[in-house]
Amino acid sequence: MLGLYNAPFETTRQTRGARAMQTLLKLAQETALAKSVATFWPKILTALSDNEFDFPFAILYSVADDEEDGVSQSSENSQSFKSCFLEGTLGVCLFSWKISIPSTLVGMSEIDWDMQG
């Protein structure tokens with residue numbers, strides 16, 4: 001009787017590592033082509049969309065300082081707020097939310113949700 005023994009090998013780590021490296025290379029290639037901040041975000045989503053196994057969804061936000069007219073920022077009691085703007089999504093419904101979060105992030109009650117558009 002003849003037989004063949006094929007020893008099993010675990011290749012999950014190698015496969016995930018190869019996918020991660022491909023994604024990093026794609027991110028580098030795509031973002032190098034961005035000519036402005038506005039074109040940067042779609043380039044990231046394009047690179048991530050090629051790897052749906054590791055990135056089934058993505059939500060990209062940009063962060064900017066809120067501009068408050070007439071408020072002195074030199075006061076010790078004043079808080080600076082940041083606004084997060086939805087730049088794009090992958091694998092989820094597209095909504096446009098503006099989120100204002102104090103830089104101290106003291107409590108959840110200080111988060112202000114304003115829907116735009």
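Where a number appears in this text, it was derived from the coordinates with a stated rule and is not lab data. Quick caveat, the model's predicted, so the values are computed rather than measured. Using ideal geometry, Cβ is built from the backbone for each residue, glycine included, and neighbour counts are taken over all protein chains shown.
Worth pointing out:
- Estimated vicinal HN-Hα couplings, Hz - the range 37-43 in sequence order (Karplus 6.51, -1.76, 1.60; Gly, Pro = x): 5, 5, 8, 5, 5, x, 5
- Backbone geometry of the range 19-30 corresponds, through the Karplus equation with coefficients 6.51, -1.76 and 1.60 at θ = phi - 60°, to 3J(HN,Hα) couplings of 5, 4, 5, 4, 5, 4, 5, 5, 4, 5, 5, 5 Hz, x marking Gly and Pro.
- Charge tally for Thr46 (other residues, Cβ to Cβ under 14 Å; Lys, Arg +1; Asp, Glu -1): -2.
- Each Lys and Arg adds +1 at its Cβ and each Asp and Glu adds -1 at its Cβ; summed about the Cα centre, the range 16-56 shows a dipole of about 120 debye.
- Extension gain, Ala32 to Asp54: 0.36 nm times the residue separation minus the Cα-Cα distance gives 5.7 nm.
- Taking amide hydrogens as placed 1.01 Å from N in the peptide plane, the amide H of Gly88 sits under 5 Å from those of Leu60, each at least 5 positions away in sequence or on another chain.
- A Förster distance of 25 Å, applied to the separation of the beta-carbon atoms of Leu25 and Tyr61, puts the FRET efficiency at 0.55.
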